[in-house]
Amino acid sequence: MALTRQDIILILDGGHPTVGYTVSTGLNVLIGLSAVAIALETVPGLPDWAGSLLWKFEVFILSVFILEYALKVICSPKPLKYIFSFWGIIDLLSCAPALALLNPHWQAVRTLRLMRILRMLKPFHSSRILFRLRDALHLVKGELYVFGILSGVMLYISSVGIYLFEHDAQPDVFTSIPESFWWAIASFTTVGYGDMVPITTGGRFFTAIVLFIGLGIVAVPSAIITTALLETQTNLRPLRDEEKNKTEPDDQHGRDQ
């Protein structure tokens with residue numbers, strides 16, 4: 001049985017009823033192995049045989065990706081729409097390192113291999129969970145926008161405050177307000193890398209206040225999104241029950257016959 005262009009697209013996207021899952025899983029395994037190969041190439045003192053093996057594997061991976069991209073462009077009903085779509089651009093960037101194999105002066109393009117890792121998100125492209133998350137974010141986008149603005153204002157105020165408290169005591173650390181902005185980000189996210197630490201009493205008291213505010217900065221958006229997800233889940237239940245009720249009479253009718 002000859003494959004149509006639509007069949008090829010479904011196979012590559014994992015939507016084909018027979019071989020789609022197998023092909024999609026195989027491509028994702030290759031992407032994962034490619035990520036491992038990228039990491040191994042950075043290991044110093046790698047043996048020559050290992051470097052040669054990784055290079056051959058890279059050629060193989062690029063060949064698979066280029067073939068997949070070419071098939072999608074050829075078989076897509078709207079090639080330009082696919083080429084300029086988000087996933088089309090990701091697919092193209094994953095093929096770009098092939099240029100480095102053609103010309104040694106284009107070795108910088110090899111860094112685009114990291115874009116392959118983004119392709120691992122493709123199995124979630126049609127996931128119901130992502131649709132729920134999209135609906136939840138759309139539901140609370142106004143609240144998140146306002147909270148984002150307030151967070152930015154608080155970060156700036158914190159940067160100014162710690163600069164006023166610590167600049168005279170540590171002029172080499174808190175050199176300016178832009179430099180203090182890094183301290184504000186690290187403090188608001190409660191990670192505190194320790195590269196910029198207040199030593200004055202006022203600076204430490206101010207830091208304590210910032211840390212408590214930072215807990216709210218992290219917690220409030222999480223609570224907003226969680227509430228929105230629960231609301232979208234509640235809204236989906238009646239739709240699922242309705243679909244179930246529609247199918248049950250048909251099933252019962254089939255059994256009666």
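Checking each residue in the range 5-17 for being assigned to a loop (DSSP other than H, G, I, E, B) and at pLDDT 85 or above picks out no residue at all.
Pairs meeting the criteria (first residue in the range 1-13 and closer than 13 Å to V73 by Cα and free of Cβ contacts under 8 Å to residues at least 12 places away in the same chain, second residue surrounded by fewer than 17 Cβ atoms within 10 Å (Cβ to Cβ) and of a type in the set (A, V, I, L, M, F, W, C), beta carbons under 8 Å, at least 6 apart or on different chains) are lacking.
Here is a yes/no grid of residues against (1) among the aliphatic types (A, V, I, L, M); (2) in a helix (DSSP H, G or I); (3) modelled with pLDDT under 85:
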| residue | (1), (2), (3) |
| --- | --- |
| S34 | no, yes, yes |
| P44 | no, no, yes |
| F60 | no, yes, no |
| Y82 | no, yes, no |
| L99 | yes, yes, yes |
| R110 | no, yes, yes |
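The residue pairs whose first member lies in the range 26-38 and is more than 17 Å from K56 (Cα to Cα) and open to solvent by 20 Å² or more (accessible area, probe 1.4 Å), whose second member is assigned to a helix (DSSP H, G or I) and small (G, A, S), and whose beta carbons are closer than 7 Å, counting only pairs six or more residues apart or on different chains, do not exist in this structure. Listed by first and then second residue, the pairs with beta-carbon distance under 7 Å, at least 6 apart or on different chains, first residue in the range 49-76 and under 15 Å from I90 (Cβ atoms), second loosely packed, with under 15 Cβ neighbours inside 10 Å and at pLDDT below 90, are V73/P79.
Do we find that I83 is of a type in the set (V, I, T) and open to solvent by less than 60 Å² (accessible area, probe 1.4 Å) in this structure?
yes
Among the residues of the range 114-126, at least one is modelled with pLDDT under 75, closer than 26 Å to I74 by Cβ and not in a helix (DSSP H, G or I).
Within the range 212-226, identify whether any single residue is more than 33 Å from the chain's Cα centre (by Cα) and either at pLDDT 85 or above or open to solvent by 30 Å² or more (accessible area, probe 1.4 Å) (or both), and answer yes or no. No: zero hits.
The values are calculated or read from the model by the stated rules, or taken from the named source; none is laboratory data. This is a predicted model, so every value here is computed, not measured. Note that each Cβ is placed from the backbone with ideal geometry, even for glycine, and that neighbours are counted across all protein chains shown. Surface accessibility is based on the protein's heavy atoms, side chains included, excluding ligands, DNA and RNA. Shrake-Rupley method; radii C 1.70, N 1.55, O 1.52, S 1.80 Å.
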